[in-house]
């Protein structure tokens with residue numbers, strides 16, 4: 001089975017991604033983002049996004065109730081149903097889901113984010129957390145019956161509340177729970193770049209050790225994403241690809257060797 005993580009960038013060619021998936025002869029599942037759509041919607045609603053950077057160097061969006069409402073509107077609402085509609089138009093019988101539905105992604109709410117403000121360490125608490133387990137029975141049932149799950153945030157915490165989380169971390173949990181053969185990350189770049197401003201600096205092959213070294217050397221959002229990839233690549237039998245989601249055949253080209261392929 002192939003698990004496709006569709007990034008939330010504006011330039012991702014959703015129609016081409018789904019058309020390619022419709023031509024595959026294997027089951028598939030989608031996990032998707034919607035960060036640009038969320039930001040646009042928040043701006044229209046007059047809401048400002050707050051980004052926190054922990055003392056360990058990881059950045060995340062501060063998620064109060066207003067921010068979570070916008071996530072539900074953008075991620076689990078508009079973008080999720082746009083992808084489901086594209087799937088149905090291309091003959092893929094998709095089911096749109098969040099981690100809330102059927103406790104599909106059980107999470108643990110963060111106890112607080114340690115940040116440094118004005119030279120002092122402070123604890124910021126919000127409605128966010130980490131995925132801890134997957135309702136693999138529900139996902140397996142859908143896949144066995146021929147459905148394509150289309151999954152996104154929010155997830156559910158210990159007490160049944162919706163919380164924000166990282167879709168990259170959800171991919172790690174799903175891949176382990178379902179023993180996924182291939183995980184394809186589609187982004188707005190040719191793959192992993194040595195220089196983010198130079199497409200010709202594409203790294204075509206990377207070992208797990210090289211990936212871990214890069215994660216240790218950066219900060220911000222990319223650090224969190226690289227950490228999730230490092231955890232994902234700990235599975236021996238999972239093929240991991242980071243590839244361009246903007247082209248006319250993004251899935252087919254990635255499976256044929258385009259992008260960055262991570263291996264031993």
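Every number in this text was worked out from the coordinates using simple rules, so none of it is lab data. This is a predicted model, so every value here is computed, not measured. Every residue, glycine as well, gets a Cβ built from its backbone with ideal geometry; the counts of neighbours run over all protein chains shown.
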Each label point is 7 Å from the Cα along the Cα-to-Cβ direction; what then is the distance between the points at residue 66 and residue 78, in nm?
1.8 nm
Sort 247-254, 38-45, 185-192 for me by packing, meaning the mean count of neighbouring Cβ atoms within 10 Å per residue, highest on top.
185-192, 247-254, 38-45
Per residue of the chain, what 222 nm ellipticity follows from adding -39500 (n - 2.57) for every DSSP H run with n ≥ 4, rounded to the nearest 500?
-9500 deg cm²/dmol
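Please compute, over every Cα-Cα pair in the chain, the percentage with a separation greater than 32 angstrom.
Values: 6505 of 34716 pairs.
Tail fraction, whole percent: 19.
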Cα extents of the range 76-161 along the principal axes, largest first, in whole Å, come to 56, 25, 15
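Ordered by packing density, taken as the mean number of other Cβ atoms within 10 Å over each peptide's residues, highest first, how do 67-75, 20-28, 146-154, 197-205 rank?
Numbers: 67-75: 20.3, 20-28: 15.8, 146-154: 23.2, 197-205: 11.9.
Ranked by mean Cβ neighbours within 10 Å, highest first: 146-154, 67-75, 20-28, 197-205.
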For a label point 7 Å from the Cα of residue 161 along Cα→C-beta, name the residues of the range 99-127 whose backbone N is under 18 Å from it.
99-101, 103, 105-114, 123-127
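Compute the length gained on full extension between residue 130 and residue 11: take 0.36 nm times their separation in residues and subtract their Cα-Cα distance, giving the result in nm to one decimal. Spell out each step's value before the answer.
Working: separation 119, 0.36 × 119 = 42.84 nm, distance 2.77 nm.
My answer for the length gained is 40.1 nm.
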Gain in length, residue 138 to residue 116, computed as 0.36 nm per residue apart minus the alpha-carbon separation, to one decimal in nm?
3.8 nm
Taking the highest mean first, how do the peptides 46-55, 94-103 order by number of other beta carbon atoms within 10 angstrom per residue?
94-103, 46-55
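Using R₀ = 45 Å, calculate the FRET efficiency as 1/(1 + (r/R₀)^6) where r is the Cβ-Cβ separation of residue 48 and residue 264; round to 0.05.
Values: r = 44 Å, r/R0 = 0.98.
Calculated value: 0.55.
Could you grab the relative contact order for the chain? Cα pairs under 8 Å, six or more apart, rounded to a whole percent. If you can, show how the numbers build up before the last one.
Working: 547 pairs, mean separation 61.9, N = 264.
With pairs under 8 Å counted, the relative contact order is 23 percent.
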Given the C-alpha centroids of the range 201-264 and the range 1-72, what is the distance between them in whole angstrom?
18 Å
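Please work out whether the range 182-260 counts as rounded, prolate or oblate from its C-alpha gyration tensor, where a ≥ b ≥ c are the square roots of the eigenvalues and a/c under 1.5 means rounded, while otherwise a/b larger than b/c means prolate and anything else oblate? Numbers along the way, then the final one.
Working: a/c = 1.86, a/b = 1.21, b/c = 1.54.
It is oblate, given that a/c is not under 1.5 and a/b is not larger than b/c.
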Give me the orientation-averaged projected area of the Cα convex hull of the range 92-232, in nm², one decimal.
10.8 nm²
Here, residue 234 and residue 25, labelled 7 Å along Cα→Cβ, have an inter-label distance in nm of 3.6 nm
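When the gyration tensor of the range 199-245 is built from Cα positions, what are the square roots of 5 times its three eigenvalues, in whole Å, from largest to smallest? Please list the in-between numbers first.
Working: eigenvalues 52, 47, 22 Å².
Sorted largest first and rounded, they come to 16, 15, 11 Å.
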Computed FRET value (nearest 0.05) for residue 210 with residue 56, which takes r as the C-beta separation and R₀ as 30 Å
0.90
Extension length gain for residue 95 and residue 252 (0.36 nm per residue less Cα distance), in nm, is 54.2 nm
